[in-house]
Amino acid sequence: MRIIRAKDYEEMSGLAADIIAEVIKEKPDCVLGLATGSTPLGVYEKLAAKYRAGELSFSRVATVNLDEYKGMGREDENSYFRFMRDNFFSKVDIRPENTHIPDGAEEEEKACRDYDRVLERVGRIDLQLLGIGHDGHIGFNEPAEAFSKTTHCVRLTEETAEANSRFFSGREEVPSYAYTMGVGSILSAKKVLMVAAGADKARILKKAAEGPVTPAVPASILQFHPDFTLVADAAALAELRG
Ligand code: F6R
């Protein structure tokens with residue numbers, strides 16, 4: 001596990017974008033696993049700036065997103081489909097047909113099965129970008145009794161629903177369920193890159209990076225990944241030993 005210390009959110013975003021850009025330059029037809037949430041927004045901005053500067057092209061890149069709310073149609077303003085289109089895909093030269101997100105409008109079993117087929121078809125993820133939830137979730141893999149393998153439907157914990165309510169008009173608007181890539185699929189990525197910022201992530205980052213590996217803290221499994229990089233700002237790293 002490699003920890004890269006950034007002084008603030010801006011620097012964290014730039015350093016993470018540089019790592020992703022390297023992967024794309026080395027392999028223009030790479031597969032990127034992407035995340036939503038507020039932390040990666042700066043990374044997406046930096047990547048779009050590299051594209052505008054003519055430094056980077058996404059024309060052959062394929063993407064697979066981690067998750068989507070169950071029951072959410074693509075055009076719903078709170079769907080992760082819209083989030084990705086508005087915050088990233090529309091700002092670079094990626095082909096829409098090369099971007100993949102679980103279908104929130106589809107019924108549970110089919111949505112998950114179809115998404116696992118998509119993951120199989122696009123091939124091994126070259127780099128998976130992750131954020132981390134306050135309870136240690138990655139994607140929407142919430143604390144559980146066992147690590148999940150493939151795409152499945154999860155019930156959001158109260159803490160996660162509360163945290164995500166900032167994107168909605170109120171807590172009651174937040175869907176109760178989501179479809180998420182499994183921990184097994186995340187772990188099979190060649191590289192995993194986590195971004196974290198802010199003092200509110202310090203406690204969980206310490207647990208995830210230095211605590212026991214347990215499905216009660218899903219992100220802790222990344223300690224076992226052979227190519228895991230954490231890029232975080234000073235506030236988020238404040239409780240880590242090193
Ligand atoms: C969403 C996702 C989540 C977020 C996590 C942190 O696709 O993967 O695991 O990364 O909820 O969200 P933020 O960045 O908003 O704190």
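The values are calculated or read from the model by the stated rules, or taken from the named source; none is laboratory data. These figures come from a predicted structure and were not determined experimentally. Here the Cβ positions follow ideal geometry from the backbone for every residue, glycine too, while neighbour counts run over all protein chains shown.
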The range 164-185, subset in a helix (DSSP H, G or I) and away from the ligand (no atom under 12 Å from the Cβ), residue surrounded by the most Cβ atoms within 10 Å (Cβ to Cβ): Ser185
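So that you can scan it fast, the table gives a plain yes or no per residue for (1) of a type in the set (A, V, I, L, M, F, W, C); (2) surrounded by fewer than 14 Cβ atoms within 10 Å (Cβ to Cβ); (3) touching a residue at least 24 places away in the same chain (Cβ under 8 Å):
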site: Lys70; (1), (2), (3): no, no, yes
site: Phe81; (1), (2), (3): yes, no, no
site: Asp93; (1), (2), (3): no, yes, yes
site: Pro102; (1), (2), (3): no, no, yes
site: Glu109; (1), (2), (3): no, yes, no
Residues of the range 69-102 being more than 26 Å from Ile24 (Cβ to Cβ) and within 16 Å of the ligand (Cβ to nearest atom), in sequence order, are Tyr69, Lys70, Met72, Asp76, Asn78
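Here is a yes/no grid of residues against (1) of a type outside the set (Gly, Ala, Ser); (2) within 11 Å of Ser185 (Cβ to Cβ); (3) more than 10 Å from the ligand (Cβ to nearest atom); (4) in a helix (DSSP H, G or I):
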position: Glu106; (1), (2), (3), (4): yes, no, yes, no
position: Arg113; (1), (2), (3), (4): yes, no, yes, yes
position: Arg121; (1), (2), (3), (4): yes, no, yes, yes
position: Asp135; (1), (2), (3), (4): yes, no, no, no
position: Ala144; (1), (2), (3), (4): no, no, yes, no
position: Ser148; (1), (2), (3), (4): no, yes, yes, no
position: Val154; (1), (2), (3), (4): yes, no, yes, no
position: Glu162; (1), (2), (3), (4): yes, no, yes, yes
For the range 207-218, what are the residues that are within 16 Å of the ligand (Cβ to nearest atom) and not in a loop (DSSP other than H, G, I, E, B)? Lys207, Ala208, Ala209, Val217, Pro218
For the range 125-163, give me each residue that is of a type in the set (S, T, N, Q) and in contact (Cβ under 8 Å) with a residue 24 or more places away in the chain. Gln128, Asn141, Ser148, Thr150, Thr151, Thr160
Pairs only if they're at least six apart or on different chains, beta carbon under 6 angstrom, first in the range 38-56 and within 17 Å of Arg82 (Cβ to Cβ), second assigned to a loop (DSSP other than H, G, I, E, B) and more than 16 Å from the ligand (Cβ to nearest atom); list them, first residue then second. Ala48/Val92
If the requirement is being within 16 Å of the ligand (Cβ to nearest atom), farther than 19 Å from Ala232 by Cβ and at pLDDT 95 or above, which of these qualifies: Leu66, Leu56, Leu32? Leu32
